[in-house]
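Everything on this sheet refers to the single structure shown next.
The values are calculated or read from the model by the stated rules, or taken from the named source; none is laboratory data. Note that the coordinates shown come from a computational prediction; the quantities given were computed from them, not determined experimentally. Counting neighbours? That spans all protein chains shown, and the Cβs are built from the backbone with ideal geometry, glycine included. Note: areas computed on protein heavy atoms with side chains; ligands, DNA, RNA excluded. Shrake-Rupley method; radii C 1.70, N 1.55, O 1.52, S 1.80 Å.
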Amino acid sequence: MQRTDRLLTLIHEMGCDSAVITDRANVRYLSGFTGSAGYLIISADEKLLVTDFRYTEQAAEQAKDFEIKDSATFKVKQYAKKFSYTAFEDEAVSYKEYLSIKKNFKRLEPLGGIIIKMRSVKDKDEIERIRIAEKIGDEAFIHALSVMKAGMTELQLAREIDFYMLSHGAERLSFETIAAAGARGSMPHATPSENVLKKGDLVVMDFGCVYDGYCSDMTRTVGIGNVCDEFIEAYNTVLKAQLTALDMIKANVNCTEVHNAAFDIIDSDYKGMFGHALGHGVGLEIHEQPTFSKRSDYPLPENAVITVEPGVYIPGKCGVRIEDVVVATPDGYENLTSSAKDLILI
Ligand SMILES: [Mn+2]
């Protein structure tokens, strides 16, 4: 069934006869339109995409199932008179947007996480795009290994990874690349700095790119020269946690149980040093549903695409994180990340 038809079924169950969709990723998901301004009005009778002069031509090309309206001339309030209850994206509108929606539609009902939930299950085309994006990341990692050396800065390393991805098919980065060496690695989201890579450092690299709208995400941790036994032990603990979690993954496994399995392995040796969720969905956005966390007490949907990224963060010393992206299948998972995971020493 088409995505808009599935949405219609769900909003009818809520007692709504229409939906107004303003979130950019959701607009793209439902219509195919990639422009930065535009919203959808969906009902059983008609599917409209309202955008402005800059995008009307593009919208007509991309959103073939939608009738395109120019916001300069389209009278929303007039049009919306025929609706009784309209679902709106309570989790994705600003207060200003809310006021404008409220002015134009008679009665509103919150849509909640309905579209986010739809998006948590990927179709073949979506998985294929993430696969390509992840492959660009894998290749960027090989490139990073070839240029990494003591004396270069985190910023130089990050820009090498970025430029590689952007010049090998990526349309943009999924998020600002993380490259954190030595003690800076203990900040899970360290932004790259002028800090210089030194012999004995562990270097955490977390990066991803977007291919045809879909995000990739991966993390590897690499040693410069010989690293001390303490760091190697930390690395092996995180690797063990990741492999244990991966082993558990298949459709319908409880998401919190997967998180806890990895968490317990790290926390028993490194109390309080793995403080984030084990994984998050990826898709049109870098952080989507489902998640592997303390609070994700629900079954993992088949064809969810999700990261598995345990880490350990030892203040003043180092950080280790290893992250793959997998697709949940009935019997297990497909790993979309193919980079090596045994500790690499440069
Ligand atoms: Mn991630």
Acute angle (nearest 10 degrees) that the helix 3-13 long axis makes with the longest principal axis of the chain, alpha-carbon atoms
70 degrees
Report D for region 218-315 in µm² per second (integer): Stokes-Einstein, Kirkwood Rh on Cα pairs, 37 °C, 0.692 mPa s.
235 µm²/s
Between the alpha carbon centres of region 234-258 and region 8-22 the gap in Å comes to 37 Å
Among all lysine pairs in region 191-300 that are eight or more places apart or on different chains, how many have alpha carbons less than 24 angstrom apart?
5
Just add up the charged neighbours of residue 264: K/R +1, D/E -1, any other residue whose Cβ is under 15 Å from the Cβ of residue 264.
-1
Candidate lysines for bridging to residue 77, where Cα separation is under 27 Å - those fewer than 8 sequence places away on the same chain excluded:
47, 64, 69, 96, 102, 103, 106
In nm, spacing of pseudo-spin labels at residue 67 and residue 163 (7 Å Cα→C-beta vector):
5.1 nm
Helix-derived [θ] at 222 nm for the chain: sum -39500 (n - 2.57) over DSSP H runs of at least 4, divide by residue count, nearest 500?
-10500 deg cm²/dmol
Where a ≥ b ≥ c are root eigenvalues of the Cα gyration tensor, a/c under 1.5 meaning rounded, otherwise prolate if a/b exceeds b/c and oblate otherwise, region 3-119 counts as rounded
The local net charge around residue 127, scoring Lys/Arg +1 and Asp/Glu -1 for residues other than residue 127 whose Cβ lies under 14 Å from its Cβ, equals -3
Tell me whether region 37-87 comes out rounded, prolate or oblate; compute the Cα gyration tensor, take square roots of the eigenvalues as a ≥ b ≥ c, and use a/c under 1.5 as the rounded threshold.
oblate
In square angstrom, rounded to the nearest 10, how much accessible surface does residue 16 have for a 1.4 Å probe?
10 Å²
Shape verdict for region 124-345, please, from the Cα gyration tensor: rounded (a/c under 1.5), prolate (a/b greater than b/c) or oblate.
oblate
On the formula 1/(1 + (r/R0)^6), with r taken between the Cβ atoms of residue 250 and residue 128 and R0 of 35 Å, the FRET efficiency rounded to 0.05 is 0.95
Based on the mean of other beta carbon atoms within 10 Å per residue, what is the order of 193-202, 41-50, most packed first?
41-50, 193-202
If you build a Gaussian network model of the chain, linking Cα atoms that sit under 10 Å apart, which residue out of 289, 156, 62 swings the most?
62
Once every Cα of region 139-223 carries one equal point scatterer and solvent is ignored, give the base-10 log of I(q)/I(0) from the Debye formula at q = 0.17, 0.19, 0.21 Å⁻¹, two decimals.
-0.60, -0.74, -0.90
